[in-house]
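Comments concern the structure below.
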């Protein structure tokens, strides 16, 4: 997907650009602080979440791998943030300390897949944040924007995307890919961090997948996307 738009069932999909930054920031904060179970469980307020959101969006615009969906009035109603796995977002937890458990569980979730691998640039994307405006949920837009995001990365030359999911609803997108492998799962309620259980009482689990996004790619092709210490 170039800067030109693609119309998909009433929504226009574009590459995330500077002109979308404020609208995406507003949607990002509202979606995760008000609706996302993990963020809500930690009691993260809008103003506490904002520094993280702004940093993510600034990098995403620079990377050019993320997409937004606009409604007929050109309002941003959905967004997916993707990046090259070789250039992943580095959190500054001093600016948003309440998010420490979130990044800790993501690290535990991803360590088995990422550790001891050196990935080749432009081969494996990392799709890690998705949001849909509350007024547009339940209408298939989540699936459309997710597929548009991976298609955008595939057109940029990526073969696979590595994705984390924080709930079983978002995880359903994996059924739309012929090449899909679940890599790990971490249950919220039993997750411990420095002797504490920050997600105690929260149902469900975080999961991670590798998805083939380029036509005709096979799971065994993933081995050609990275090197290991022993290779």
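The values are calculated or read from the model by the stated rules, or taken from the named source; none is laboratory data. Note that the structure is predicted; figures quoted are calculated from it, not measured. Using ideal geometry, Cβ is built from the backbone for each residue, glycine included, and neighbour counts are taken over all protein chains shown.
Details
- So residue 54, is it surrounded by 14 or more Cβ atoms within 10 Å (Cβ to Cβ) and assigned to a loop (DSSP other than H, G, I, E, B): no
- The single condition from (1) touching a residue at least 60 places away in the same chain (Cβ under 8 Å); (2) in contact with a helix residue (DSSP H, G or I) (Cβ under 8 Å, 6 or more places away or on another chain); (3) more than 27 Å from residue 204 (Cα to Cα) that residue 72 fails is (2).
- Residue within the range 79-101 that is in contact with a helix residue (DSSP H, G or I) (Cβ under 9 Å, 6 or more places away or on another chain), closer than 16 Å to residue 177 by Cβ and surrounded by 14 or more Cβ atoms within 10 Å (Cβ to Cβ) present: yes
- Strands (runs of 3 or more DSSP E) enclosed by the range 117-231 - at least 2 residues per element that are at pLDDT 95 or above and surrounded by 14 or more Cβ atoms within 10 Å (Cβ to Cβ): 117-119, 124-132, 160-165, 180-187, 205-212
- Residue check, residue 65 part of a loop (DSSP other than H, G, I, E, B), surrounded by 15 or more Cβ atoms within 10 Å (Cβ to Cβ) and touching a strand residue (DSSP E or B) at 6+ places or on another chain (Cβ under 8 Å): yes
- Residue in the range 86-98 that is touching a residue at least 24 places away in the same chain (Cβ under 8 Å), part of a helix (DSSP H, G or I) and closer than 25 Å to residue 196 by Cα present: yes
- Within this structure, residue 23 passes the test of being surrounded by fewer than 18 Cβ atoms within 10 Å (Cβ to Cβ) and assigned to a helix (DSSP H, G or I).
- Look at the range 130-153: where a residue is at positive phi, no partner that is in a helix (DSSP H, G or I) and modelled with pLDDT of 95 or more sits 6+ places away or on another chain with Cβ atoms under 8 Å.
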